[in-house]
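Note sheet for the following structure.
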Amino acid sequence: MPRCIGVVTSPTGAVIRDILNITRRRFPSVNILIAPARVQGMEAAGEIISALRNLHANGRADVIIIARGGGSLEDLAPFNDEALAREIFGSAIPVVSAIGHETDFTICDFVADLRAPTPSAAAELVVPRKTELLETLSNLQRRLAAAQRRHLADQKDRVASLKSRFRDPRRLLADYSIHLDDLRERIQRAITQHTQTLKSRLGHLTMGLQNQNPQTHVRERRIFLGSLEKDIVNYWYRYFRDREARLNKSAALLSSLSPLAVLQRGYSITRRVPDGKIIRQAGELTLDERVRIQLAEGI
């Protein structure tokens, strides 16, 4: 959408009036910069070249329209001038050629960035209707808002999904602590029950041996049972120590992975107020935005 349109044509006549009327009707706020020049006669080509150079020196025009109404082949001769054609071809500003009627062709038409069949058509090609442009912008705004809402919903779903997969490390440690206490109690009960069973069996054997009174056999069985009892106690003791070591290792691993452990090492978590979004890069913040910084102890 050009903000300023340079028009090279005669300052009087129907051509400039048509261009002004059409541009004002389609987009009233567009600026028109008229570079007057004769468009017929021996001096016309030189004046058009000067007008083009003046527009370039001014620097305001976003596009240039070279316009003239219809006429005979002799009337359109200035637009077949080689110097003018080279000036148009080398223009840094886009040039629209609107010379004569739809059936008229000049060299300027072939070197310009765009050919319009008539000056009125050139104005319509360069300036869109304001209502159409506003409608297009409104549609794009609605599509952008809908896309943002979809993206936000997708991100919320993703966060919820990730959140559901991870448990609070403190809750995990508490669960493992409860499991460890339960395991200790079960091992202690098992050791006590097994010891009582052995003592009971030992008592029965002792009574049987006493009834038979085989002293040698009794001493051997007592030694065997004493060794067996010691082995069993040692086995359960090693089993309990091994399980406790594994649980302590798991607890230490969970503690090292906890965000709280990272904070203990001097890091912090920065969230934007009020939406709570975690800030990972400085570019995600703007000046004067409020943030909440979570440390190992305190916020």
Residues in the range 160-173: is at least one surrounded by 11 or more Cβ atoms within 10 Å (Cβ to Cβ) and of a type in the set (A, V, I, L, M)? yes
Kindly indicate the residue of the range 249-299 that is surrounded by 10 or more Cβ atoms within 10 Å (Cβ to Cβ) and of a type in the set (D, E, K, R) and also farthest from the chain's Cα centre (by Cα) among those meeting that condition. K249
Would you mind stating whether R186 is under 30 Å from L257 (Cα atoms), out of contact with any Phe, Trp or Tyr (no Cβ under 7 Å at 6 or more places or on another chain), loosely packed, with under 10 Cβ neighbours inside 10 Å and not aliphatic (A, V, I, L, M)? no
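What tally of residues in the range 28-38 results from selecting those that are surrounded by fewer than 21 Cβ atoms within 10 Å (Cβ to Cβ) and either closer than 18 Å to L114 by Cβ or of a type in the set (A, V, I, L, M, F, W, C) (or both)? Reasoning before the result, please.
At the first step, the residues of the range 28-38 found to be surrounded by fewer than 21 Cβ atoms within 10 Å (Cβ to Cβ) are 28-34, 36, 38.
Within this subset, residues satisfying the condition of being either closer than 18 Å to L114 by Cβ or of a type in the set (A, V, I, L, M, F, W, C) (or both) are 30, 32-34.
Number satisfying all stated conditions: 4.
Determine, yes or no, whether D154 is in a helix (DSSP H, G or I), closer than 30 Å to Y267 by Cα, among the acidic types (D, E) and free of Cβ contacts under 8 Å to residues at least 60 places away in the same chain.
Yes; evaluated as a whole, the condition is true for this residue.
Look at the range 203-230 and say how many of its residues are modelled with pLDDT under 85 and surrounded by 14 or more Cβ atoms within 10 Å (Cβ to Cβ).
We begin by selecting, within the range 203-230, every residue modelled with pLDDT under 85; these are 203-221.
Of the ones still in play, those that are also surrounded by 14 or more Cβ atoms within 10 Å (Cβ to Cβ) are 205-206, 209, 218, 221.
The qualifying residues number 5.
Residues checked against (1) at pLDDT below 90; (2) closer than 19 Å to G6 by Cβ; (3) assigned by TED's automatic domain parsing to the domain that holds I34:
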| position | (1), (2), (3) |
| --- | --- |
| D75 | yes, no, yes |
| D81 | no, no, yes |
| V96 | no, yes, yes |
| H101 | yes, no, yes |
| D109 | no, yes, yes |
| R115 | no, yes, yes |
| T118 | no, yes, yes |
| A122 | no, yes, yes |
Could you figure out which of (1) in contact with an Asp or Glu (Cβ under 6 Å, 6 or more places away or on another chain); (2) in contact (Cβ under 8 Å) with a residue 60 or more places away in the chain isn't true of R170? (1)
Quick check on the range 39-46. Is at least one of its residues under 18 Å from P94 (Cβ atoms), surrounded by 13 or more Cβ atoms within 10 Å (Cβ to Cβ) and either modelled with pLDDT under 95 or over 44 Å from the mean Cα position of the chain (by Cα) (or both)? no
Among the residues that make up the range 204-225, is at least one of them in contact (Cβ under 8 Å) with a residue 12 or more places away in the chain, assigned by TED's automatic domain parsing to the domain that holds L183, under 30 Å from A174 (Cα atoms) and not small (G, A, S)? no
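The values are calculated or read from the model by the stated rules, or taken from the named source; none is laboratory data. Computed from a predicted model, the values in this text were never measured in an experiment. Using ideal geometry, Cβ is built from the backbone for each residue, glycine included, and neighbour counts are taken over all protein chains shown.
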